[in-house]
1. Order ARG35, ARG134 by their accessible area, 1.4 angstrom probe, all chains in place, largest first.
2. Hey, any idea what % of the chain's accessible area is carbon plus sulfur with a 1.4 Å probe?
3. May I ask for the net charge around PRO222, where only other residues with Cβ less than 14 Å from the Cβ of PRO222 are counted and Lys, Arg are +1 while Asp, Glu are -1?
4. Working from the alpha-carbon coordinates of the range 127-197, get Rg over Rh, Rh being the Kirkwood radius.
5. Under a crude label model (7 Å from the Cα following the beta-carbon direction), how far is ALA233 from GLU124 in nanometres?
6. Among bridges DSSP assigns within the chain, what percent are antiparallel (round to 5)?
7. Eigenvalues of the Cα gyration tensor times 5, then square-rooted: what semi-axes does that give for the chain, in whole angstrom, largest first?
8. Give me the mean projected area, in nm² to one decimal, of the convex hull enclosing the Cα positions of the range 17-75.
Amino acid sequence: MNAVFVDTHAHLYDERFADDLSETIVRAAAAGVTRIVSMGDSMETSAQVVADTGYPALYGAVGIHPENAVPLTREMRTQLLTWARRPKIVAVGEIGLDYYWEKDADRRLTQRELFAAQLHLAREAGLPVCIHDREAHGDTLRILQEEGQGLAGVLHCYSGSLEMARELWKMGFYIGIDGPLTYKNAAKLPDIVREAPRDRLLIETDSPYLAPVPLRGKRNEPAYVVHVAAKIAEVRGESVEEVACYTTENAIRLYPKLNN
Ligand code: NI
């Protein structure tokens, strides 16, 4: 099979890759995964993501994840913008809201303010956004509509409703599909994937988390994104080659810097 895949979301700075990052990239290439977007989740990991773009296959996104939410200082903002202008930094991410892990009202407010601030930063940098939304669907959509005008982006590891997905597709947003599609408790996700316009789907691993079946429970890595593609093909009645082809086109349309 000559299909080429892009893993549009992985966390390769994770210590679980400290000993074998180059081998991980080689295994990915052997599986046809020739480009990988590594996602920062703090200032420290964003710096690592930028450094890792020295690997030809690696691209990056810089940003602060809601679980690490703090008020965005002017220094942090300036640093993120400087990184965002580098040729292989394709997006601002991973940003968004997480109400699953955060129950405190004040810290949820900090998340919302940081999310809005990073949407504005992405607009200034001329970059799309990669969004994390866990049990915060209403606020995520509202902030995107109020603060995200003109931005392109993806709702990564999509976990919202079909109705919300339809709204996002209308807004021109993509949804990212990961290992959970392959799980028995995938619930409504297969219906959403079946209905998705083919120009609105991205495949991703979220490595080292969420390994797809048949590797569930193991450390996830970019090579395994082919299992997500295979499941999408099965659910939609398409060939894996077709899925590889249009999800790669989608990744490059959303992240034009993948051509750098
Ligand atoms: Ni992630």
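The values are calculated or read from the model by the stated rules, or taken from the named source; none is laboratory data. Keep in mind that what you see is a predicted model, and the values were worked out from it rather than measured. Note: ideal-geometry Cβ built from the backbone for every residue, glycine included; neighbour counts use all protein chains shown. Surface areas here come from the heavy atoms of the whole protein model, side chains and all, with no ligands, DNA or RNA. Shrake-Rupley method; radii C 1.70, N 1.55, O 1.52, S 1.80 Å.
1. Most to least solvent-accessible, the answer reads ARG134, ARG35.
2. Values: 5640 of 10970 Å².
Carbon plus sulfur share of accessible area: 51 percent.
3. Numbers: positive: ARG16, ARG27, ARG35, LYS218, ARG219; negative: ASP7, ASP14, ASP20, GLU23, ASP52, ASP178, GLU204, ASP206, GLU221.
Its environment carries a net charge of -4.
4. Working: Rg = 11.8 Å, Rh = 12.5 Å.
Answer for the range 127-197: 0.95.
5. About 4.4 nm separates the two model spin labels.
6. On the way: 0 of 25 bridges.
Roughly 0 percent of the beta bridges in the chain run antiparallel, per DSSP.
7. Values: eigenvalues 132, 94, 57 Å².
Calculated on Cα positions only, the semi-axes equal 26, 22, 17 Å.
8. Numbers: hull surface 18.9 nm².
Mean projected area of the Cα convex hull: 4.7 nm².
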